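One structure is given here, and the rest of the page talks about it.
Nothing in this text is a laboratory measurement; each read-out follows from the coordinates by a stated rule. All of these numbers come straight from a predicted model, not from anything done at the bench. Every residue, glycine among them, receives a Cβ derived from its backbone with ideal geometry; neighbour counts consider all protein chains shown.
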Amino acid sequence: MKSKEELIDDLLTLAFAEDVGDGDHTTLSTIPADETGKQRLIVKEEGIIAGVEVAQMVFRKFDPELKMTIFIHDGEHVCPGDIAFEVEGRVQSLLQTERVMLNIMQRMSGIATTTARYQQRLEGLKTKVLDTRKTTPGMRMLEKEAVKIGGGCNHRIGLFDMILIKDNHVDFAGGIPQAVSAAKEYCKQTGRDLKIELEVRNTEEINQALEAGVDRIMLDNFTPERTREAVKLIDGRCEIESSGGITIDTLRAYGECGVDFISVGALTHSVKGLDMSFKAC
């Protein structure tokens, strides 16, 4: 399996292939190859910045001679007019890396800003906001990193690092006891130490999950009232996650029920990018 760094490098290779192709002919035709200059990243909207470290990877991959001076680091609060960093070197390289870097930084900063907004709604509670697998294909590592930068937590990265038994798995397996037992046996036979989470739809399934001995129970589409009852029933015997249609307006009501996590697909699947520009200076 590829490392996080290898996956990001693959993403950058694809990003340059689709944007630069066989050359930025506008830049190559108008800017001398030996001309040098400097550009700065200017923030145009309030939020949480994310992607500065990835921007370093972008510049280094395209042209190792580009020199980046960082003023604002990942996770810091920014306001319009703030200068996050400056990059100096060949102008052709600056112009050809601009869009790839901005696409990544605007997306990651938008996710970090949104996550911070959600997590702030849970201030004073033990509950943490979680991301989901509803990410942009190819950008999952970057988007989940942005969630962490914004103060949230990652759920599983993919299908490989946790067992999450949902309703379809239960139905195909013949029931909760059968599904959980098979998952535990699979981990034993393959030598994997994976947490087992089970999605439940009602009180009966909660009791079955507790009897089966799972690590986390996901309360799917429960109301706050039903969630409060479920938390009391589970009584700390495993972790509890709320999921399903929870918005920033209803988030705190679920957190106040005492759940450990609330998963929110909106952190990544419909977020607005943070406005910024890369200008000559």
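Structural remarks
- Dipole size of the chain about its Cα centre, with +1 on Lys/Arg Cβ and -1 on Asp/Glu Cβ: approximately 360 debye, rounded to the nearest 20.
- Degrees between helix 176-190 axis and first principal axis of the chain (Cα, 0 to 90, nearest 10): 60 degrees
- Acute angle (nearest 10 degrees) that the helix 52-62 long axis makes with the longest principal axis of the chain, alpha-carbon atoms: 50 degrees
- Of the chymotrypsin sites (Phe, Trp or Tyr not before Pro) found in the stretch 70-177, those that fall in a DSSP loop while having at most 11 other beta-carbon atoms within 10 Å are 160.
- Cβ-Cβ distance of residue 28 and residue 186, R₀ of 45 Å, FRET efficiency by 1/(1 + (r/R0)^6): the value works out to about 0.25.
- Taking Cβ atoms as reference points and 14 Å as the exclusive limit, the residues near residue 47 contribute a net charge of -2, counting Lys and Arg as +1 and Asp and Glu as -1.
- The stretch 1-150, dipole about Cα centre (Lys/Arg Cβ +1, Asp/Glu Cβ -1), debye to the nearest 20: 860 debye
- Nearest 10 degrees, 0 to 90: helix 4-19 Cα axis against the chain principal axis: 50 degrees
- The simple spin-label model puts a point 7 Å past each Cα toward its Cβ; for residue 56 and residue 5 those points are separated by 1.2 nm.
- From helices alone, the chain scores -13500 deg cm²/dmol at 222 nm; the rule is -39500 (n - 2.57) for each run of n ≥ 4 DSSP H residues, then divide by the residue total.
- Which label in (1) 1.08; (2) 1.04; (3) 0.96 gives the computed Rg/Rh (Cα atoms, Kirkwood Rh): (1)
- Rounded to 5, percent antiparallel among DSSP beta bridges of the chain: 50 percent
- Mean-position separation - Cα centroids, the stretch 229-267 and the stretch 84-163, in angstrom: 22 Å
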